[in-house]
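What follows is a short report on a single structure.
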Amino acid sequence: MNSCCAGQLLCRAGGWVQRRGWGYVPSWSSSILPYLSVDSQHKMTLQWTVVAIFLYVEIAVILILCLPFISAKRWRSLFNLSIWNWFTPYWNRGFFTMILILIILFCDALREVRKYSNAEPMGEAKLNPNLFDHLHMKLFRAQRNLYISGFSLFLWLVMRRVVTLINHVAVATVTGTSLQIQAESANQAAKKYQEDNLLLKQALLDEEKNTTAGKRLLRKEAEKLMEELKTAEDAVRKSNAEVEAMKRQANGLTKEYDRLLTKHNELQNLQAGAGDKKEQ
């Protein structure tokens with residue numbers, strides 16, 4: 001008993017204190033012993049359990065969103081369901097609230113990592129090895145919480161971005177389909193107009209050919225009519241000449257008839273005068 005009391009007095013004089021379950025530990029470690037008094041089989045706290053579940057849900061949702069056999073149109077039709085209209089007014093608030101909570105948890109985990117990284121015992125760990133193990137256990141838990149909160153924050157942003165990109169891809173697909181349909185209809189209309197243009201050109205060429213042939217026929221008919229006109233003019237001239245000749249001949253005959261008639265009258269007068277003389 002005296003040796004035990006003497007040992008206790010020496011430990012206390014050297015700056016060592018007795019802690020239940022730990023034995024004699026340095027007095028400087030009293031500030032971190034409350035954090036190290038948890039057994040190594042202790043489970044995660046409720047907040048980190050929720051964050052871990054949230055991380056697993058995020059991973060599952062992102063994996064489902066990245067499935068190749070589900071098209072962006074189907075996701076867009078799913079996102080446009082009326083049930084999501086109830087969450088639309090609260091979506092942005094919930095999104096930024098979750099970001100704030102995850103940032104706070106991340107900062108807290110980072111603080112814990114820095115705290116236990118700078119509080120490693122040196123020579124005292126030889127006297128009490130459990131202190132070193134529990135300190136590293138706490139450091140491991142702090143790092144685990146840091147990774148959980150960091151990846152949860154990162155995947156939360158990634159999930160938002162993936163949903164936005166899926167909507168954009170669906171809209172681009174629908175727009176591309178409509179543009180393709182419009183382009184096909186425009187190509188069909190252009191082909192139709194091209195065919196109509198070719199037909200019109202062919203009709204114009206045929207019309208020009210027909211017009212050229214018609215002009216040739218008209219020229220031939222005009223030349224024929226000119227020849228007939230010249231022939232008619234010659235005939236008219238000949239007729240006029242014959243008429244003039246007949247007129248001259250008729251005038252000559254008329255003059256001759258008048259001359260003969262005058263001589264006949266003179267002869268009758270002479271004959272009548274001779275008869276009167278014989279009667280006397």
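The values are calculated or read from the model by the stated rules, or taken from the named source; none is laboratory data. Quick caveat: nothing in here was measured; it's all calculated off a predicted structure. Quick reminder, even Gly has a Cβ in these numbers, built from the backbone with ideal geometry, and neighbours come from all protein chains shown. For accessibility, only protein heavy atoms count, side chains too; no ligands or nucleic acids. Shrake-Rupley method; radii C 1.70, N 1.55, O 1.52, S 1.80 Å.
Tabulated results
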{"item": "Per-residue HN-Hα couplings for region 106-112 [Karplus 6.51, -1.76, 1.60; θ = phi - 60°; Hz; x = Gly/Pro]", "result": "5, 5, 5, 5, 5, 4, 5"}
{"item": "Computed accessible area, Trp91, all protein chains, 1.4 angstrom probe, square angstrom", "result": "110 Å²"}
{"item": "Of Ile181, Asn210, Leu261, farthest towards positive along the dipole that unit charges on Lys, Arg, Asp, Glu beta carbons give region 151-280", "result": "Ile181"}
{"item": "Size of electric dipole in region 131-212: Cβ of Lys, Arg +1 and of Asp, Glu -1, about Cα centre, debye, nearest 20", "result": "960 debye"}
